[in-house]
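The values are calculated or read from the model by the stated rules, or taken from the named source; none is laboratory data. Since the structure is predicted, the reported quantities are computational estimates derived from the model, not experimental observations. Cβ sites come from the backbone with ideal geometry, for glycine too, and all protein chains shown count toward neighbours. We work out accessible area using only protein heavy atoms, side chains counted, and drop any ligands, DNA or RNA first. Shrake-Rupley method; radii C 1.70, N 1.55, O 1.52, S 1.80 Å.
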There are 6 protein chains.
Amino acid sequence: MRVTVSRKAHFNAAHRLYNCDWSDERNDAMFGKCANPHFHGHNYELIVSVTGEIDPETGYVMDMKVLKDLIASEVEEAFDHKNLNEQVPEFKTLNPTAENISVVIWQKLRPLIPTSLDLEITLYETPRNYVTFKGE
Amino acid sequence: MRVTVSRKAHFNAAHRLYNCDWSDERNDAMFGKCANPHFHGHNYELIVSVTGEIDPETGYVMDMKVLKDLIASEVEEAFDHKNLNEQVPEFKTLNPTAENISVVIWQKLRPLIPTSLDLEITLYETPRNYVTFKGE
Amino acid sequence: MRVTVSRKAHFNAAHRLYNCDWSDERNDAMFGKCANPHFHGHNYELIVSVTGEIDPETGYVMDMKVLKDLIASEVEEAFDHKNLNEQVPEFKTLNPTAENISVVIWQKLRPLIPTSLDLEITLYETPRNYVTFKGE
Amino acid sequence: MRVTVSRKAHFNAAHRLYNCDWSDERNDAMFGKCANPHFHGHNYELIVSVTGEIDPETGYVMDMKVLKDLIASEVEEAFDHKNLNEQVPEFKTLNPTAENISVVIWQKLRPLIPTSLDLEITLYETPRNYVTFKGE
Amino acid sequence: MRVTVSRKAHFNAAHRLYNCDWSDERNDAMFGKCANPHFHGHNYELIVSVTGEIDPETGYVMDMKVLKDLIASEVEEAFDHKNLNEQVPEFKTLNPTAENISVVIWQKLRPLIPTSLDLEITLYETPRNYVTFKGE
Amino acid sequence: MRVTVSRKAHFNAAHRLYNCDWSDERNDAMFGKCANPHFHGHNYELIVSVTGEIDPETGYVMDMKVLKDLIASEVEEAFDHKNLNEQVPEFKTLNPTAENISVVIWQKLRPLIPTSLDLEITLYETPRNYVTFKGE
């Protein structure tokens, strides 16, 4: 009886796409207006999904209140109303694309979720662009 | 040419989270306000997905009108505007968490869907919490 | 420079439609399955809108953090995970239709919002049914 | 570090469901009002998902601007504001069910996406009916 | 205690934009791909709103079941899975723009709604384009 | 026959809330994390609504292609992927709250819309916070 349980959250942040090993010209050519040095921003919508057996006593795979609190302390506290490039240590040198942000969120949550549960991160950068990372 | 075809439906129901083998105190400690003995309720949004080969004559994996009618007779008729704990036999002793509701819906529909088709249930308890069960 | 500022919130609750001055038969005839004595429930989505002049110093009509906290203390605290008929005093004798719930929310918030601001309540009972009350 | 990146798009089109090897009576019996010879139509919502390794230099699995342009030139240009049965060559004899449309879109895009990336098509025919095809 | 009560519905239809008093060239110049003589189509999302006093006995402005049935018989039955230009008499000579469709729906429903209630029609032609008509 | 026609658009931008006549301490006290000097950002969803008579020849209140192009050239070109405080002249000294942004958009579009049409701006700063300005 393996069930996937998903919880939505969100955070608002500024970022720019920038490879710090490249010249500004090469960044502009690759990332266009996303490389704007004055930054732009997004309302990121996050879905955290955990998959595992239903506990026969509680009927839960995982208590959603616990997961909600983990997302708040590990992701929202760290990213919400922040400049990802300048204020979030993981992105000092890592380009904050949606792909890389989803990997960082997975890496932050993975040690805090029981190992018997699979973890998947879905991140909407805009209502039309989103990414999914399963740790594979 | 295996395609997954999904159909959305919904039902409104009251429930409370409660393990009938536990004391009220233990239920309160585990389930908090979800254990309120006067019940609360949800607009459950349901997605039923079937996966199989496209029939070359019809271009269908399964006729969605047939699936819509099955959902209506097996799920909506049984659950809509009901108290899950008190009026739905499956939950007389089974705690009606979203996880357990998704399993019960899968078990009700599985015998009525051709065995050549895989079946997956997604159930939104709120716009921010949902579960998925594939029968595994 | 009059602007309307809107804030969304939500609560989950059980209710039944029932006029306590009527017989059960008349309630059943009028309200159908909504009169189920075991209750059913909804994810109510609430939009609270205030209209007034922009404060030239803050650029705000009203601080949304203040409005968010008012909604939490006056509406969510009182209604969320409750049985409206049995646990919310305003509905002991008042039928908890979406129309009446919107009026009660307006009456609870009106004294706490500055009189220079107009107040409007929109309440979704389901994704397909909603009501709006402006206090007129 | 395999990530799935998804891009949404849409197109509006007319169609009817019709197997040209069948009599009109058999088409009517199978497809009901969907076989209306005067056509009906939909706002098709399309999600194109590609899965692959993150490029360590760009932080991208695939540049979404490139994918957006491919969807525009291959799908929107071909299908938007068209009559699928009469004006899209792939459906001259193939019944334009959502299942078949998703397969055709996959076949049009597959040669243009790097072979190192997996491709999945999700197509909403209405907000309540959608299909997914992974090329399997 | 005037409350507005709104009910959502939908229908799928084909149409083309065309002024039958104009040449094809002038229609093409004005309506572009929307004038395609082979038609295109939409999932129309409809919101019907009625405004009036709350009945103190029922707590209703209007019974939503009655409104739902009126929308089904007057709008969905007439428009769903139809070609608006060819199969709906109101559009034989009237151009089926979203504006004109909303007026026609208002005119069909107005005689069937109690005169004490105001009536407003909102019609989404696509998720990004919609119109509202109040009968003024 | 006055109809309101609405068109949705969006842009992504960075901003901070800041009154340049106040001390940093006063800004922090009033705007909290929204005053972060490193900026944060949003996916702004914009709805532009125009109200007027239906043109009997076209069936349009206003050609939506014209309105779409006006929004693109006046709003998206000026605001998308920009830092509102640093790169948009209107906000050099005006605090870019949602209220003030909606007024600025109204002021930019008003001279370009026929005077016979009313203009209303709705701006979502997040899915839970939005504002409406009618020019009154």
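Quick notes on this one:
- Rg over Rh for the stretch D:80-136 works out to 0.99, using Cα positions for both radii and the Kirkwood form for Rh.
- Cα→Cβ-extended label distance, 7 Å offset, between F:Asp55 and B:Lys92, nm: 6.9 nm
- C-alpha center-to-center spacing [the stretch F:52-95, the stretch D:43-76] in angstrom: 27 Å
- Residue-normalised accessible area of chain E, expressed per residue, 1.4 Å probe, Å²: 40 Å²
- Around A:Ala78: net Lys/Arg minus Asp/Glu count, Cβ-Cβ under 13 Å: -2
- The phi-based Karplus calculation (6.51 cos²θ - 1.76 cosθ + 1.60; θ = phi - 60°) puts the 3J(HN,Hα) values of the stretch C:5-19 at 10, 10, 10, 8, 8, 7, 8, 10, 8, 9, 7, 9, 8, 6, 9 Hz, whole numbers, x for Gly and Pro.
- Those residues of the stretch E:95-129 for which accessible area with every protein chain present is at least 50 Å² below the isolated value (1.4 Å probe): E:Glu99, E:Pro127, E:Arg128, E:Asn129
- Remark on D:Asn43: its backbone amide H falls under 5 Å from those of E:Asn43, a criterion applied only to residues 5 or more positions apart or on other chains, H modelled at 1.01 Å from N.
- Net charge of Cβ neighbours under 10 Å - reference B:Arg16; Lys, Arg +1; Asp, Glu -1: 0
- Accessible area buried by the pairing of B and D, both sides summed with a 1.4 Å probe, works out to roughly 1800 Å².
- Solvent-free Debye scattering, log10 I(q)/I(0), computed from the Cα coordinates of chain E at q = 0.21 Å⁻¹: -1.24
- With a cut-off of 10 Å between beta carbons, the residues surrounding F:Lys108 carry a summed charge of -1, where Lys and Arg count +1 and Asp and Glu -1.
- Highest mean packing first, where packing is the average number of other Cβ atoms within 10 Å per residue, the peptides C:11-21, F:124-134 line up as C:11-21, F:124-134.
- Only lysine pairs 8 or more places apart or on separate chains count here, and in the stretch C:2-133 those with Cα atoms under 19 Å apart total 8.
- Its Cα gyration tensor gives the protein assembly as shown an equivalent ellipsoid; the semi-axes, largest first and in whole Å, are 35, 35, 33.
- Using the rule -39500 (n - 2.57) for each DSSP H run of four or more residues, divided by the residues of the protein assembly as shown, the 222 nm mean residue ellipticity is -6500 deg cm²/dmol.
- Across peptide E:26-38, the mean count of Cβ atoms from other chains lying within 10 Å of each residue's own Cβ comes to 3.
- Within chain D: Cβ-based charge dipole about Cα centre, in debye rounded to nearest 20 (Lys, Arg +1; Asp, Glu -1): 220 debye
- For C:Arg128, inter-copy separations between label points set 7 Å beyond Cα along the Cβ vector come to 0.6, 2.7, 2.8, 2.8, 3.0 nm, shortest first.
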